[in-house]
Amino acid sequence: MSDEVGVRSGRSIQVLQVSAELFPWLKTGGLADVTGALPGALSRYGVELRPLLPGLPAFTRAVTECRAVTAIQTPWGDDLQIKCVRFASSDFGWAYLIVAPHLYERDGSPYETKDRQAFGDNHRRFAALSWGAKALADGSDPTWQVSLVHAHDWHAGLTPLYLKFHHALHVNPIPCLLTIHNLAYQGLFAPKHLHELAIPEACWHLDGVEFFGQISMLKAGIAYADRVNTVSPRYAREIQDPAQGHGMHGFLRLHAARLSGILNGIDTQIWDPAHDPMIAKRYSSISLIDKEENVLALTSILGLDNDARGPRCAVISRLAEQKGLSLIVQAAPTMIRDGAQLVVLGNGDAAMERQFEVLQGQYPGKVSFRSDFDERLAHQMIAGSDLILVPSRFEPCGLTQMYGMRYGCLPLVHLVGGLADTVRPWRFANETALIGTVNPANGFGFDQHCIESFVACWQEMLQCWKMKPIWKRLQSRGMSLALGWDVAAGNYAALYDQMLFRDARHP
Ligand code: ADP
């Protein structure tokens, strides 16, 4: 692994990171955590990574310094101003913003109206992001020459296509890495937009942007990026099979030589129980007793009973089919009967929100549901719970199981994707079999996404819960794991290095 990519080449490596979200200014899920962490983590490897973002209100409001770079027009007629900016309280350097109020200055999420309807012009809004990336790669900012472009998810999926087919003749094509955070979101648009978005006719085929009769921006990214990665090695393998491939498995298998997996890290400064300003009492693996104060604080914040016999179980999640939370709804009566409490923080699917409201009504003091996106409460819940439940049907990486480990809140997960890459399940049978060796267990896991498998895992977890010294050992082990970004950043640096200096460049 290269640890000083920039030094190795004798020139600094300048990576343009293209994404719709960036923690802490705008986050709807794990994408923001990753794009927010990479600039800092990669600087240690001699890589300067500058984010390029659409000028959404959350970003424009946070700007403290600003320099105009260029004004361009997309082939479809949108005027864009590219600005080089710094954000308030940013611990990394410069970023680029595409200022285009008619595209981005709106209420709602980056992708939807307040009523959760996708914006009708999303094809133009996100194609503009990719077009801006192409302009910077072509040298629009003479003070900062892009060495490599790192695009994230379908929002930036047209970037490699524009780099390949529209790059300025005076510059060499810039290599492009695409990171897939979730294959389920494919950026699908009607084929009538092909010409409007300056996608060459020659790209409209099975091995290009065409996906069951529609344009897929994600598929465009996969087809034309030099390298593609997912956010865990296991997910990179799973998406090549029909069960997890969302219709793209054959295409991905065809391109498997360019596909790899790099496991996400977590921000161990923001998620650190020993220094977390958002929790009632700070603690570490040697002062685990202090976690109790956080349990009590959460009891009062959420109005829970304080006589629970079983573990307090947290769910912090988007409420979406992917997250497999129907298992929790089904298992809740068993969990409550076993003396557990259930605290759920999440929003999204309206039917699922109602199911959790009903559960809360059925089990007052035992079940709490908050329909919200609340970073502070997420910290308080992980500090104040014993278990974090992540029963996802599929999970590209998953972050909350790692936050849980760091806070002595053991993960109980469906063993797929990044969950399988991070959680080593405790087995009752192994507890005696492994005496004298190092038992790597750090949580609990089930293999089949069905209620029987979940309940069997629940019962096994309860056996461990009753053996407090063993439970504590699992907590301490999770809390001492190296979950930070160092390893992932090293792997990204090595991949950049490979792309810049070793890969045969695509024609
Ligand atoms: P995904 O990206 O699929 O939503 P991840 O586990 O990769 O799932 O990342 C989710 C991120 O969003 C985590 O940082 C998690 O703590 C956070 N999160 C999800 N839902 C909420 C919520 N309702 N309130 C606060 N944070 C949330």
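Only the coordinates and a few stated rules stand behind these numbers; no lab work does. Quick caveat, the model's predicted, so the values are computed rather than measured. Counting neighbours? That spans all protein chains shown, and the Cβs are built from the backbone with ideal geometry, glycine included.
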- prompt: In percent, what relative contact order does the stretch 258-343 have, based on Cα pairs under 8 Å that are 6 or more apart in sequence?
  reply: 20
- prompt: Could you give the longest part of the chain that holds none of the GluC sites (Glu not before Pro) found in DSSP loops with at most 15 neighbouring Cβ atoms within 10 Å?
  reply: 106-507
- prompt: What is the pair-distance distribution P(r) of the stretch 189-344, computed from all Cα-Cα distances in 10 Å bins starting at 0, with each bin given as a whole percent?
  reply: 9, 23, 23, 19, 17, 9, 1
statement: For the table LYS27/LYS114; LYS291/LYS468; LYS291/LYS323; LYS323/LYS472; LYS366/LYS466, the rows whose alpha-carbon distance is greater than 24 Å are LYS291/LYS323; LYS323/LYS472
The chain, relative contact order in percent, only Cα pairs under 8 angstrom and at least six apart counted: 13
task: Using the Cα centre as the reference, give the magnitude of the dipole from point charges on the C-beta atoms of the chain (Lys, Arg: +1; Asp, Glu: -1; all else neutral), rounded to the nearest 20 debye.
output: 600
field: Using distinct alpha-carbon pairs, which all enter the 1/r mean, Kirkwood radius of the stretch 195-241 in Å
entry: 11.9
Contour minus Cα-Cα distance for ASP503 and ASP372 (0.36 nm per residue): 42.6 nm
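Classify the stretch 260-374 as rounded, prolate or oblate from the Cα gyration tensor: take a ≥ b ≥ c as the square roots of its eigenvalues, call it rounded if a/c is under 1.5, otherwise prolate when a/b beats b/c and oblate if not. Walk me through the intermediate numbers first.
On the way: a/c = 1.90, a/b = 1.17, b/c = 1.63.
It is oblate, given that a/c is not under 1.5 and a/b is not larger than b/c.
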- prompt: By the gyration tensor of its Cα atoms, with a ≥ b ≥ c the square roots of the eigenvalues, what is the shape of the stretch 95-214: rounded for a/c under 1.5, prolate for a/b over b/c, or oblate?
  reply: oblate
message: Could you derive backbone 3J(HN,Hα) for the stretch 98-110 from the dihedral phi with the Karplus parameters 6.51, -1.76 and 1.60 (θ = phi - 60°), listing whole Hz in sequence and x where the residue is Gly or Pro?
response: 9, 8, 7, x, 5, 9, 10, 7, 9, 6, x, 7, x
- line: The answer for the chain, counting only DSSP H helices whose Cα atoms cover 15 angstrom or more along the axis and whose Kyte-Doolittle average is -0.5 or greater, is 30-43, 122-137, 291-302, 326-337, 350-362, 451-466, 486-497
statement: Going residue by residue through the stretch 182-191, the Karplus relation 6.51 cos²θ - 1.76 cosθ + 1.60 with θ = phi - 60° gives ³J(HN,Hα) values, rounded to whole Hz and with x marking Gly or Pro, of 6, 5, 5, 9, 10, x, 9, 9, 4, x
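ARG337 to HIS275: FRET efficiency via 1/(1 + (r/R0)^6), r the Cβ-Cβ distance, R0 45 Å, to the nearest 0.05?
Details: r = 38 Å, r/R0 = 0.84.
Rounded to the nearest 0.05, the efficiency is 0.75.
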task: At 0.36 nm per residue, minus the direct Cα-Cα distance, what do VAL329 and HIS193 gain on full extension? Give it in nm, one decimal, please.
output: 44.8 nm
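Report the relative contact order of the stretch 50-139, percent, no decimals, based on alpha-carbon pairs under 8 angstrom and at least 6 residues apart. Before the final figure, lay out each step's value.
Details: 129 pairs, mean separation 26.2, N = 90.
Dividing the mean separation by the residue count of the stretch 50-139 yields 29 percent.
Diagonalise the Cα gyration tensor of the chain and give the resulting equivalent ellipsoid semi-axes, square root of 5 times each eigenvalue, largest first, whole Å.
With the √(5λ) rule applied to the chain, the semi-axes are 41, 24, 23 Å.
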field: Tail beyond 12 Å, pair distance distribution of the stretch 295-350 (Cα, percent)
entry: 69
task: Any chance you could list P(r) for the stretch 348-507, counting all Cα-Cα pairs in 5 angstrom bins from zero, rounded to whole %?
output: 2, 8, 13, 16, 19, 15, 10, 7, 5, 3, 2, 1, 0
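Per 0.36 nm of contour for each residue apart, how much would the distance between VAL455 and HIS255 grow if the chain were fully extended, relative to their Cα-Cα spacing? Numbers along the way, then the final one.
Values: separation 200, 0.36 × 200 = 72.00 nm, distance 3.85 nm.
Extending this stretch completely gives an extra 68.2 nm.
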query: Among rounded, prolate and oblate, which fits the stretch 410-496 when a ≥ b ≥ c are the square roots of the eigenvalues of its C-alpha gyration tensor, a/c under 1.5 means rounded, and a/b larger than b/c means prolate?
result: oblate
field: Cross-link partners of LYS134 among lysines (Cα-Cα below 21 Å; sequence separation of 8 or more within a chain)
entry: LYS83, LYS164, LYS219
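Counting pairs of Cα atoms in the stretch 39-158, how many percent are more than 26 Å apart? Display every interim value, and only then the final one.
On the way: 1283 of 7140 pairs.
Tail of P(r) above 26 Å: 18 percent of Cα pairs.
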field: ARG309-ARG237 FRET efficiency (beta carbon distance; Förster radius 30 Å; 0.05 resolution)
entry: 0.15
